[in-house]
Structure formats: structure tokens, C-alpha cells
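Notes to accompany the following structure.
The values are calculated or read from the model by the stated rules, or taken from the named source; none is laboratory data. Here the structure is a predicted model, which is why all the values come from computation and not from measurement. A quick note on method: Cβ atoms are made from the backbone with ideal geometry, for glycine too, and the neighbour counts reach across all protein chains shown. Quick note on the areas: whole protein, heavy atoms, side chains included, nothing else; ligands and nucleic acids left out. Shrake-Rupley method; radii C 1.70, N 1.55, O 1.52, S 1.80 Å.
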Amino acid sequence: MYYQPEIETMPREQLRELQLTRMKWSVKHAYENIDFVKKICDEAGVCPSDLNSLEDITKFPFMVKQDMRDAYPFGLFAVPMHDVKRIHASSGTTGQATTTGHTTNDLAYWGDCFARGIYMVGGSQDSVIQVSYGYGLFTGGLGAHAGGEAVGCAVIPTSSGNTKRQVQIMKDFGTDILACTPSYALYIADTAIELGYDPAKEFKISGVILGAEPASENMRQEIRDKLGVQYCDVYGLSEVMGPGVAMECEVANGLHFAEDHFYPEIVDPDTLEPVPDGEYGELVITTLTREACPLVRYRTRDVTRIISEPCPCGRTHRKIDRIVGRTDDMMIIRGVNVFPSQIEQVITAFPEVATHYQIVLTREAQLDKIALNVETEPDFPIDEIRKIEDLKRRLGAELKSNLQVQVDINLVEPKTIARSEGKAKRILDLR
Ligand code: DLL
């Protein structure tokens, strides 16, 4: 079942025509209404009339997060303020915050994009959706909320936090679909189990829509097993819209990109040249319908690849693979590139340790060192030196053989690493 069958299964030729029409509009709209976009296009010697095919977008200059910071707060808005109906902002933890405006149409399309994912996990207007993403300037809560309302679900706006209450509500209200970050979903599932429930058997929940951070396949499987659910990975970013830019269908092999609203490219992050479909690189997005804050070739920093083979689900929008990580989260340890999600994939294959870990980066004598704090499972005998040494050795050897880096392992007692109610903080960089 599709939420918008005529759009989600549109023949590709027709979809490309729609994209081109919208891309021409969007680039012109940005060029004519945002001084910065006009300036960088003029400097690059391109103008909207140079756009005669979708591929012509590669002639245009890129936009990056710093451009948004420099234009803070409203320098990249393309409509007058009376047309802006909502403003979201990034937390600004890594620099000046960035702001994104939304018109009435932008908000309606956003709801539609997220709603597609609700159908992908088998939801309908009969579903009860619990939104445990944070509500506020972060786009998770209100984005998922809009999706639920677009479908006509009963939306429970729990927001994040108060985890025991989340479990109680999930049980008492008969939640069908849970929307939150993967790390929070695991925390909720573990809390339910600690409270004596078996959510996979006793709760009504059948689907989760999880995103805003990477999750390894093992972690996804743990969530599926503990909650007894179908898993939909949802991708998005506040600068471009929020959650719903791409969503994972029941085939569970990639996320359908909302190609009627966004045009994806994958480029080599060093040369910025396009890479062929199927190869990993940095995702670049051009918005096609956004009115308040259109973006031309926005560099997301997220690493993924395009999966262009037709999907058995019947949706024609191309897929992106699960996000491996951000180029700025990639650790270079003695010349080897490592993403936190690769470490997670290895440690979650060990039943003796829990999916709660933190990566600590230090520098000693000009050399980068990587250490891993990871919790043991409650039934692991953490006071038996021989067993600890054996587990550390096996874990270390597996990490070395998978990632080609030496990781110092520190096994810690259960529940000593802070749990996350939103995006988990996996890296502690002490360099
Ligand atoms: O995280 C929007 C969102 C909310 C997406 C809820 C999904 C669910 P930002 O706070 O601007 O917006 O962070 C965007 O989060 O560039 C990625 O690095 C990361 N991210 C988002 N979704 C995924 C995902 C929201 N499914 C940044 N897998 C993005 C991996 C993700 N990383």
C-alpha cells in the first residue's frame, strides 16, 4: 500500500520530467530571491536558463552549512516573512546555529513525505503513532507529527524523555508505530523489558520509524527482535526539510528518496566530482519544491550511495543506502578511515556486550589512539579476570581484522554509559 500511489510509483521518465520542471522553477526562485545564490551563480558563470536537463545541475556551485551560518538568521530566506509559517533551527553545538523557514506548502509537503514512511511500515489512518522524537526547534518531533496528521493517525506527542512513562503509554494506548532515534528506541525497549514486559509479544506495536543518527544492522536487528517490529529508517536534515527526505520500505534494502521534492547527487568529497550510481560518496541535495528556503546543490556531509535498481515494492523513486556516517564524524586513525557505525557493527555481534558504547579518541606522541568503552551484559561475570581478558582479546582481534585499526578495549559495568533520549553521543574526542 502506498500513501500517494500516483507519485510514488510514477514511471521514471515522467518523474524525471516532473523533476526538471520543478528544478527549473526552484533554481530560478533561489537565484531571483536570495542574493547569496545569485552571487555564487554569477561568479561561477551560470544562470537558471542554463538548466536544460537534470544533469545540467552539475554546472552550478555547491552550498555548504557555513553559508547558512554566515547568513544567520534569515539571509537565505527566499520569501517575505509573512509567508514563513514556521522556523526551525539547528542546535548550534558545532558552531553558529542555522535556521530554516517553512511556508504553508513546505509544511504540507513535509507531512506528505513522512506519511509515505508510515504506509511503508503498514500504517494507515487507523494507526496510533507515538512520537518520541524531541519536539521543538529540532525537526524530529514536529516532522513525524505532521506525517501522522497527514495520514490521519491518532498521534501521541510524547516527545523524548521520561522513559518509563513512554513504556506505560505504549502499552496503555496501544501504540502501533513508534517514531524516535534508534538509540532511544533501544532504551525504551530495554526499559520495557526491565519493567517485566515482553513488548514483542505483549504490546501492539508493529512498526518503528527511526532516524536522525546511524544505526548498524545488528542494532537494527536488536530493536526488531526486542519490540517485534518492522523497521523503517528515516533520513532527513533540518537545513533541507527535516525527517522524510528518504524512507525505507518493507524490502529493507535502502531508503526511497523523495525524488519529487529533492534531487540527489553523490560526489567524491575530495574532488567534488560526481561518482557513478552504486559508489559511496557525499550526498548533495537540490530542493525542487521548497519555497521558504530552497537550496542548490547543498553538501550534506552524509556518506551513502545511490541504489538505482528497481525496487520490488513497486516504488519508482531511487533509493539511497543507509547512511554510513558523516564525513565530519569519520575518524582517520593512522591513515585508516573509520566510521563509528562500523565499530558498532562489530561490537553488536558479541552477545557478551550491550549496544551501549563510547569511542574515545586521544593523541599520544603525535599518534592518534582509539579506545572503546563498552558495557557488558548484566549476566556477564565482570569480576572474572580471565573471562574479561578473553573477551577483550576476541573483541580487539575482530575490530582489528574488520577495520585494520588497533582499538583499546575497556569493558565497563552495565548501565554506566549515559543513555540517549535523542541522538546518541558516540564519540568523545580528547585530542
Ligand atoms: O536529524 C532530522 C531527522 C529527524 C531525521 C528525525 C530523521 C529523523 P538534523 O538534526 O539537522 O536533522 O541532523 C541531520 O542527522 O545530516 C545525518 O548526519 C543525520 N541523520 C539523519 N537521519 C539519519 C539516518 C535531523 N536515518 C543529520 N541515518 C544528517 C543516519 C541520519 N544519519
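Here is the figure for the stretch 1-52: residues that are within 29 Å of the chain's Cα centre (by Cα), under 30 Å from Q66 (Cβ atoms) and not in a helix (DSSP H, G or I) total 1.
Among residues of the stretch 199-215 that are basic (K, R), those with a Cβ under 7 angstrom from a residue that is more than 7 Å from the ligand (Cβ to nearest atom), sequence gap 6+ or separate chain, pair up as K201/G228; K204/G174; K204/T175; K204/D176. Selection within the stretch 200-214: residues that are open to solvent by less than 10 Å² (accessible area, probe 1.4 Å) and within 11 Å of the ligand (Cβ to nearest atom). The member of this set that is farthest from the chain's Cα centre (by Cα) is I209.
When I87 is tested against the conditions (1) more than 22 Å from G236 (Cα to Cα); (2) open to solvent by 50 Å² or more (accessible area, probe 1.4 Å); (3) among the aliphatic types (A, V, I, L, M), the lone failure is (1).
Consider the stretch 280-306 and keep the residues that are within 15 Å of the ligand (Cβ to nearest atom) and of a type in the set (A, V, I, L, M). The one that is surrounded by the fewest Cβ atoms within 10 Å (Cβ to Cβ) is V303. Among the residues making up the stretch 25-56, those that are under 18 Å from E265 (Cα atoms), surrounded by 15 or more Cβ atoms within 10 Å (Cβ to Cβ) and free of Cβ contacts under 8 Å to residues at least 60 places away in the same chain are L51, D56. When each of R394, R431, R363, R334 is tested for being more than 16 Å from the ligand (Cβ to nearest atom), modelled with pLDDT of 95 or more and of a type in the set (K, R), the lone residue that passes is R394.
Look at the stretch 232-249: where a residue is farther than 12 Å from W110 by Cα and a partner is within 6 Å of the ligand (Cβ to nearest atom) and open to solvent by 10 Å² or more (accessible area, probe 1.4 Å), sitting 6+ places away or on another chain with Cβ atoms under 7 Å, you get V234/P243; Y235/I323; E248/D233.
Checking the structure you have, find out if any residue of the stretch 63-79 is touching a residue at least 40 places away in the same chain (Cβ under 8 Å), outside any loop (DSSP other than H, G, I, E, B) and in contact with a helix residue (DSSP H, G or I) (Cβ under 7 Å, 6 or more places away or on another chain). No, the stretch 63-79 has no match at all. For the stretch 325-346, a residue qualifies if it is of a type outside the set (V, I, T) and in a strand (DSSP E or B), and the qualifying residues are G325, R326, M331, N337.
Got a sec? Which of A418, A354, A349 is in contact (Cβ under 8 Å) with a residue 40 or more places away in the chain and not in a strand (DSSP E or B)? Going through A418, A354, A349 in turn, the sole match is A349.
Within the stretch 307-330, the set of residues being more than 13 Å from the ligand (Cβ to nearest atom) and either closer than 22 Å to A424 by Cβ or among the hydrophobic types (A, V, I, L, M, F, W, C) (or both) comprises I307, C311, C313. If you check I156, I193, I188 for being under 20 Å from S124 (Cα atoms) and modelled with pLDDT of 95 or more, only one passes: I156. Filtering the stretch 334-370 to residues that are among the hydrophobic types (A, V, I, L, M, F, W, C) and over 22 Å from A215 (Cβ atoms) leaves V336, A365, L367. Looking only at residues of the stretch 128-139 that are open to solvent by 10 Å² or more (accessible area, probe 1.4 Å), within 20 Å of I188 (Cα to Cα) and not aromatic (F, W, Y), we find that the one that is nearest to the ligand (Cβ to nearest atom) is G134.
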